[in-house]
Structure formats: structure tokens, C-alpha cells
Amino acid sequence: MNRLEAFGTIAAQAARGEISFPTSVNAVLRLQHALNDPDCHLEDAIRLVLGEPQLAARTVALANSSTFNSSGKPITNVRSAVTRVGYRNLQMLVASLVVRQFGARIDDPDLRAKAEQLWEHTVQVAALAHVFARRVTFVNPDTAMFAGIVHEVGGFYLLSRADGFPGLLDDDPEKWAELCEDVVTREVARKLALPEPVAEAIFALRGAWLHMPPATLLDTLLLANLYASVPSPLGTAREPLPEHSESALDYLLDEESLHRMIDEAAEIAASMGGALLV
């Protein structure tokens with residue numbers, strides 16, 4: 001099977017809803033659907049988290065990160081951790097487990113390296129989205145962080161499938177990978193039951209333009225991707241950033257403020273790293 005046929009096969013399967021998830025992902029998805037139930041109360045959430053040891057450990061770790069524990073007093077149990085991080089960030093943790101599990105089943109070392117780079121990029125984008133949401137676009141910061149975590153979910157799925165098609169993601173001047181990823185992303189987003197505003201922002205991300213002043217979730221993701229120091233290993237190489245004085249952001253904030261935000265996001269990414277790592 002040549003590359004075009006392989007991309008066609010993957011895209012056609014996705015369009016028919018034939019998304020192949022690892023067994024571990026299916027278990028996490030059942031948990032996610034339960035948490036999405038508006039009748040899921042705190043006690044139910046705690047019980048569900050305790051039923052998944054990996055998620056329980058990550059929830060406590062996230063609650064103890066500097067992002068959520070400014071007091072420094074350690075959180076030592078799941079009940080306190082769930083209360084501290086809240087439902088929205090608990091859903092982010094579940095989503096991160098799903099995203100990382102796609103990479104966990106990759107055997108090819110080059111593809112695994114791409115998956116690790118994509119994960120590092122993902123965490124950076126999530127942290128930057130959180131900061132830009134609070135300081136620039138004024139959308140919900142937790143929603144922005146969640147969107148950052150899942151914005152490359154189609155790429156992770158494509159990497160996991162590429163393991164069965166040697167050479168699939170080599171140089172791709174026709175950009176078949178991007179077209180296939182767009183189809184896959186929509187179906188994976190549906191399977192993950194992503195909230196509509198998050199899903200729509202992700203679908204619109206490729207080729208979108210930043211609005212001035214930036215004020216939407218899409219703008220937040222565009223800014224975060226723009227300033228992530230680790231690029232996605234998929235797609236085309238991005239152009240270098242212009243000098244701040246030549247950037248449209250110069251009209252919104254000074255260079256010192258921008259650097260402070262980038263440094264703050266780096267601290268958030270570092271504190272999140274251990275909690276989200278699977």
C-alpha cells in the first residue's frame with residue numbers, strides 16, 4: 001500500500017467512525033463519560049477516580065503542583081485533590097491520559113520520538129493558553145488549558161496509526177498528513193465528547209488568523225501555538241517570530257510583560273509535567 005492509499009484508508013475509517021482506541025483508552029473514556037454526566041456528584045467523582053489508580057495518582061500530583069497549590073501545604077488524598085482541582089481540570093487529566101495512551105502503543109523509535117515532542121509541545125501550549133486566557137483574551141483559563149491539552153489529539157492518533165504504515169509521515173510536500181489529520185481530529189473529538197466550543201476552536205486552528213484584539217478561545221490557542229518553544233513535529237515548519245516591535249501584540253502589551261507571561265507559562269508547564277505524564 002502506498003502512502004496516499006494509507007492516508008485514504010485511515011481517513012475513510014475515521015469518517016465511518018472506525019477509530020481504533022487502545023483498551024486502556026476505552027476504560028478512561030467510560031470514566032470521562034461518567035464525569036460529563038451533570039448528575040455526577042462529588043462523591044461519585046471521588047469513587048470513579050479511586051477506581052483508576054493512575055488517574056488518582058495524577059490528580060493528587062496536579063493538586064500539589066504550584067498551579068493549584070500556592071500555599072505549599074501538601075494534598076495527600078483524592079478527596080482533597082478532586083476538590084482542589086475541580087471537575088474541569090479533572091476532565092483535563094482524563095483527556096491527557098487518553099492523549100498519552102495513543103503514544104504509548106507506538107513501537108517505532110522515530111515515531112515515539114515524534115510523540116514525545118508532540119506531548120512536550122502540547123503541555124507548553126496548554127500552559128501558555130492558560131496564561132494568555134487570563135492576561136490577554138479573557139476567556140475561561142481552565143477551558144483554554146483543556147483545549148491546549150486536546151488540540152493535537154488527531155496528531156497523536158495519526159502517529160499511533162503510522163506505526164503500521166512504515167514511511168507514512170516522511171516528507172509530505174502534498175500535505176496529505178494534514179488533510180488526513182483534519183478528518184481524524186473531528187472523529188476523535190466526537191469520540192471524546194469534547195465540548196462544542198473546544199472542538200470548534202480545534203477544528204478551525206489550522207490556517208486560522210489571529211484577530212486583533214484577540215478575544216476568543218481560537219485566538220488563545222493561536223497565541224499559545226505561536227509562542228510555544230517546542231513546535232509540533234507534524235505539519236509544515238513555522239516561520240520565525242518577528243521582533244516584538246514588529247508584532248501586532250506590541251499594540252496590546254509591552255515586551256517585558258510578554259516575557260513575564262512566557263516565563264509564567266514555563267513554570268506552569270514544568271509543574272504540570274509530572275502530574276500529566278503517563
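Between Thr76, Thr220, Thr185, the GNM of the chain built on Cα springs shorter than 10 angstrom shows Thr76 fluctuating the most. Listed by chain and number, the lysines whose C-alpha is less than 29 Å from the C-alpha of Lys114, apart from same-chain residues fewer than 8 away, are Lys175, Lys191. For the residues Val198, Val60, a 1.4 Å probe over the protein chains yields an accessible-area ranking, largest first, of Val60, Val198. Solvent-accessible area per residue in the chain equals 48 Å², computed with a 1.4 angstrom probe and all protein chains kept. Determine the share of the chain's accessible area contributed by carbon and sulfur atoms, expressed in whole percent, with a 1.4 angstrom probe. That fraction is 53 percent. With a/c under 1.5 counting as rounded, go ahead and sort the stretch 1-89 into rounded, prolate or oblate using the C-alpha gyration tensor (a ≥ b ≥ c being the square roots of the eigenvalues; past the cut-off, prolate if a/b is larger than b/c, else oblate). It comes out prolate by the Cα gyration axes. The overall shape of the chain is oblate: from the C-alpha gyration tensor, with semi-axes ordered a ≥ b ≥ c, the ratio a/c is 1.5 or greater and a/b is no larger than b/c. Computed with every protein chain present, the accessible area of Val131 is close to 0 Å² [probe 1.4 Å].
In the chain, helical runs assigned H by DSSP with n ≥ 4 each contribute -39500 (n - 2.57); averaged across all residues and rounded to the nearest 500, the mean residue ellipticity at 222 nm is -20500 deg cm²/dmol.
Between Leu252 and Arg16, the simple spin-label model (points 7 angstrom out along Cα→Cβ) gives 4.4 nm.
The values are calculated or read from the model by the stated rules, or taken from the named source; none is laboratory data. Keep in mind the model is a prediction, meaning the values are calculated, not measured. Cβ sites come from the backbone with ideal geometry, for glycine too, and all protein chains shown count toward neighbours. Calculation scope for accessible area: heavy atoms of the full protein, side chains included, ligands and nucleic acids excluded. Shrake-Rupley method; radii C 1.70, N 1.55, O 1.52, S 1.80 Å.
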